[in-house]
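The structure under discussion appears below in the form of structure tokens.
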Amino acid sequence: MNDMTVTTNSGIVDLIVTGGDLLTMDEQRRIILNGAVAIAGGKIVAVDTAEAIRLAFPASPELDATDCVVTPGFVNTHQHITGDPLARSCAPDDMPPGASIFEWAVPLNDAHGPDDDGLAATLTLVDSLLNGVTTVIEAGTIGHLAPVAAAARQIGIRAGLGVWGWDIEYGPFTAPTAETLARQAATLDVLPTGGLVEGWVTLVGHDLASDALLTGAAELSRSRGVRMTMHISPTSNDVDAYLKRTGVRPLVHLQRLGVLGSHLLLAHAVWLDDEEVDLVTSTGTSIAYCPWAYLHHGQGVARMGKHMDMHRAGVAVGLGCDAPNANDGVDILDAARLAVGIAKDATIDPTCCSAYDGLEMATIGGATAAGLEHRTGSLTIGKAADLVIHDATAPQWRPRGNPVQQLIWAAQGRTVRDVLVAGRRVVCDGRCTTVDEDDLSRQAARRQVAVLSRARLTIPQRWPVIDGRMTGRVPAGTES
Ligand SMILES: [Zn+2]
């Protein structure tokens, strides 16, 4: 036994995951071939070679991960889990700027009842787990918190949740400043820090908050010791709006208000100038980077984005998948692959970064950005047992090469076999163990029809669709 292992009184732990190649993402970024992780009380109590772990914890229950790659659970730092998941891939992907929000996302949110929010969240969170994502930070657009929190708990995923926070004139769940802040505080009361599902202070952000709301939210976040998130500058719109309203760029204004700091996770931050990047660095502000959203909407990330530079300079940059109106997938490794590719292409320099940077962003980088680096993001003694077992007998892993590169460039989330969150096995052989997936599919199909109808939306089709499902037509050549 060595310093990678701690003893328990009995020498028996709840579970040992043995035989896989571990990408630990610990401080030294050790990769342990034929390694093992020992789990007790939902936490990691040892990380070592399989032989050492079996010796230390004989007779412990064993989960065989032979021919597998084992990673920490992935962290999605920006995901809308209600509103449009029930209308996934329904909005056209070639609408003008803003149309997907105001013609689709807003009416859909307006049409959602509590049950719809719970079902939409279930769909998103189950899909996340199946892609190895064990932590999801909701982007702050939940209308009905209780059913969403209940869904997250039932599914068994780690989540940060928050409700709509804006004090503009019109929009789903808008309210005056004081009422908006009271609703944010109430979220923190019902979802206290320390559990699997925690409350966050969540503003819509952009230029859709008064200065009083911005400062009040930051004060609430700091005083309660919880995290805060908001959207800023995915395009030049916020820059133009802040320059017009305040005379300075968005992050300069936020800094003057005292909003920036280590409590804050800014979503997007694509259109920053050098002064704003310096403010991110000097204040310890974190970033949630959602590369697929900017490509989907054509927002200029390859020209303007400085996320890889910020990551390599030590800023906590996590990855996000945003919303179905901006990205239909929730595979954070797919976002990692894209983040690396965009940086190489934008700089015309393949040496600027690698798959290693992408995996850092998807794991410990995301955990740090979410303020959870002491609890998840790496296979380290004392952290929660959030881990993913990837089936390396799948075609994407044939033949085996550098495991970091193969995970990011070839496999992404497609070879996830098992997932543990806080030691609980929530995915087994590619199926979620905590919900009935067949029933979930049936419910989603049924509820999609109802929600689209209430929102007065229909799924547009560009090409002719011939509906052969219920025509009752006699097939050609069989008439008598
Ligand atoms: Zn968003």
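The values are calculated or read from the model by the stated rules, or taken from the named source; none is laboratory data. Everything quoted here is computed from the prediction, not taken from an experiment. Here Cβ is always computed from backbone atoms with ideal geometry, including for glycine, and neighbour counts include all displayed protein chains.
Numbers below:
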read-out	value
Filter result for residue 238 (within 15 Å of the ligand (Cβ to nearest atom), farther than 30 Å from residue 134 by Cβ, buried (at least 18 other Cβ atoms within 10 Å of the Cβ) and among the charged types (D, E, K, R))	yes
Exclusive hit being part of a helix (DSSP H, G or I), in the same structural domain as residue 164 (by TED's automatic domain parsing), more than 16 Å from the ligand (Cβ to nearest atom) and of a type in the set (Val, Ile, Thr), set 252, 248, 259, 226	252
Filter pass, residue 127 being charged (D, E, K, R) and closer than 30 Å to residue 35 by Cβ	yes
Of all residues in region 78-95 being of a type outside the set (Gly, Ala, Ser), more than 20 Å from residue 319 (Cβ to Cβ) and more than 16 Å from the chain's Cα centre (by Cα), the one that is surrounded by the most Cβ atoms within 10 Å (Cβ to Cβ)	86
Residue check for residue 41: on the phi > 0 side of the Ramachandran plot and at pLDDT below 95	no
Residue match in region 162-174 (condition: touching a helix residue (DSSP H, G or I) at 6+ places or on another chain (Cβ under 9 Å), within 16 Å of the ligand (Cβ to nearest atom) and farther than 21 Å from residue 227 by Cβ)	yes
Top-ranked residue in region 323-375 [being in contact with a Ser or Thr (Cβ under 9 Å, 6 or more places away or on another chain) and of a type in the set (Ser, Thr, Tyr); ranked as surrounded by the most Cβ atoms within 10 Å (Cβ to Cβ)]	363
Check on residue 338, more than 30 Å from residue 85 (Cα to Cα), of a type outside the set (Phe, Trp, Tyr), more than 16 Å from the ligand (Cβ to nearest atom) and in the same structural domain as residue 231 (by TED's automatic domain parsing)	no
Only one of 146, 105 that is modelled with pLDDT of 95 or more and either out of contact with any Leu (no Cβ under 9 Å at 6 or more places or on another chain) or surrounded by 23 or more Cβ atoms within 10 Å (Cβ to Cβ) (or both)	146
Filter result (within 15 Å of the ligand (Cβ to nearest atom) and either assigned to a loop (DSSP other than H, G, I, E, B) or of a type in the set (Asp, Glu) (or both)) within region 287-301	290, 299
Residues within region 319-334 that are within 16 Å of the ligand (Cβ to nearest atom) and either more than 20 Å from residue 91 (Cβ to Cβ) or out of contact with any strand residue (DSSP E or B) (no Cβ under 9 Å at 6 or more places or on another chain) (or both), tallied	8
Looking only at region 262-286, and only at residues there that are polar (S, T, N, Q) and away from the ligand (no atom under 16 Å from the Cβ), the one that is surrounded by the most Cβ atoms within 10 Å (Cβ to Cβ)	285
Wholly enclosed helices (runs of 4 or more DSSP H) of region 74-184 bearing at least 3 residues touching a residue at least 60 places away in the same chain (Cβ under 8 Å) and touching a Cys at 6+ places or on another chain (Cβ under 8 Å)	114-130
Among (1) away from the ligand (no atom under 15 Å from the Cβ); (2) more than 18 Å from residue 76 (Cβ to Cβ); (3) out of contact with any Leu (no Cβ under 8 Å at 6 or more places or on another chain), the one test that residue 311 misses	(2)
